[in-house]
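Here's the structure, in structure tokens; my notes come after.
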Amino acid sequence: MATTLAKSTLTKTAKGTDGKDGKDGKGTDGATLDVAARIEHVSKSFATPAGQQLVLDDITLDVARGEFVTLLGASGCGKSTLLNLVAGLDRPTAGAIGTDGRPALMFQEHALFPWLTAGKNIELALRLRGVPKAERRERAEELLSLVRLDGAHGKRVHELSGGMRQRVALARALAQDSQLLLMDEPFAALDAITRDVLHDELMRIWRETGVSVLFVTHNVREAVRLAQRVVLLSSRPGRIAHEWSVDIDQPRRIEDAAVAELSVEITEQLRGEIRRHGQH
């Protein structure tokens, strides 16, 4: 599982069960790394009654410091599995994963504790990080302000809308003071208007904090609207099928012509992967 070392170099968070990995803070060539995450030749299999099922196959991917990368693919291609591996929640079958400190993970469901207030949910993350009790309230208020929920510290989860709950979940993730934010379809359950507003907020927070983001989505336009780089996984087993650099000025809108044009190109590639999978 994950081991946190100095943030100045890459931290080895997981190595394959085959025992092969690079050295802490260094690549396989021994050079110190200057990335938020490095995924090197990672594969993942799960045991099934029919035998081992290969879910991810030889994934190699870097996320630069301060970079926003979206991970796109059909259902079942291993996107969330890869995110869990990067988070240190599971180990790869082969290969190695390193991160710049311990990543923060934000799920599709807000996963807030309903018996705690919005502020206390954030304070819990601060407590687990070792922040002194006297500082937690003020820091939680600052994080709520960052996600534009001033005055919500004392509100219970059931008093918050879906969008507000996801804002609190984002604030809680940011409370971990991680250099890498992993987001697993965090806006998928929201209505289109709320999702669009939170896209704007996420972009603002990303620019203000400089955090690196690895964002999983099924939504091609969401991927293009947010990312500096879009990575498409093939259908199972998941392999990197294609990458696109998104050279479209921010702020972007879902309905922008340039976003739509690139989305069409990516969608055609995605459909090809789905068709290929359906033939097997």
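The values are calculated or read from the model by the stated rules, or taken from the named source; none is laboratory data. None of these values were measured; they are calculated from a predicted model. When we count neighbours, we look across all protein chains shown, and the Cβ atoms used for this are built from the backbone with ideal geometry, even at glycine. Just the protein is used for accessible areas: all its heavy atoms, side chains included, with ligands, DNA and RNA removed. Shrake-Rupley method; radii C 1.70, N 1.55, O 1.52, S 1.80 Å.
Couple of notes before you dig in:
- Odd one out for V264, checked against (1) at pLDDT below 95; (2) closer than 15 Å to L72 by Cβ: (1)
- Considering (1) free of Cβ contacts under 8 Å to residues at least 24 places away in the same chain; (2) in contact with a helix residue (DSSP H, G or I) (Cβ under 7 Å, 6 or more places away or on another chain), the lone condition that H242 does not fulfil carries the number (1).
- H199 vs. criteria open to solvent by 10 Å² or more (accessible area, probe 1.4 Å), more than 22 Å from L126 (Cα to Cα), touching a Leu at 6+ places or on another chain (Cβ under 9 Å) and not polar (S, T, N, Q): no
- If you go through region 181-229 and pick out every residue that is farther than 18 Å from L105 by Cα and in contact with an Asp or Glu (Cβ under 7 Å, 6 or more places away or on another chain), you end up with 2.
- Of all residues in region 64-94 being more than 25 Å from V246 (Cβ to Cβ) and open to solvent by less than 10 Å² (accessible area, probe 1.4 Å), the one that is farthest from the chain's Cα centre (by Cα): P92
- Of all residues in region 226-236 being modelled with pLDDT of 95 or more and open to solvent by 10 Å² or more (accessible area, probe 1.4 Å), the one that is farthest from R38 (Cα to Cα): Q228
- Within region 139-192, tally of residues that are open to solvent by less than 40 Å² (accessible area, probe 1.4 Å), of a type in the set (A, V, I, L, M) and not in a helix (DSSP H, G or I): 10
This table checks each residue for (1) among the aliphatic types (A, V, I, L, M); (2) open to solvent by 10 Å² or more (accessible area, probe 1.4 Å); (3) touching a Pro at 6+ places or on another chain (Cβ under 6 Å).
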{"site": "R204", "(1), (2), (3)": "no, yes, no"}
{"site": "V224", "(1), (2), (3)": "yes, no, no"}
{"site": "G238", "(1), (2), (3)": "no, no, no"}
{"site": "I248", "(1), (2), (3)": "yes, yes, no"}
{"site": "I254", "(1), (2), (3)": "yes, yes, no"}
{"site": "I266", "(1), (2), (3)": "yes, no, no"}
{"site": "Q269", "(1), (2), (3)": "no, yes, no"}
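- The listed residue being assigned to a helix (DSSP H, G or I) and either of a type in the set (A, V, I, L, M, F, W, C) or closer than 20 Å to V224 by Cα (or both), out of L105, L54, L89, L83: L83
- Note on region 132-161: residues that are touching a helix residue (DSSP H, G or I) at 6+ places or on another chain (Cβ under 7 Å), touching a residue at least 24 places away in the same chain (Cβ under 8 Å) and on the phi < 0 side of the Ramachandran plot amount to 13.
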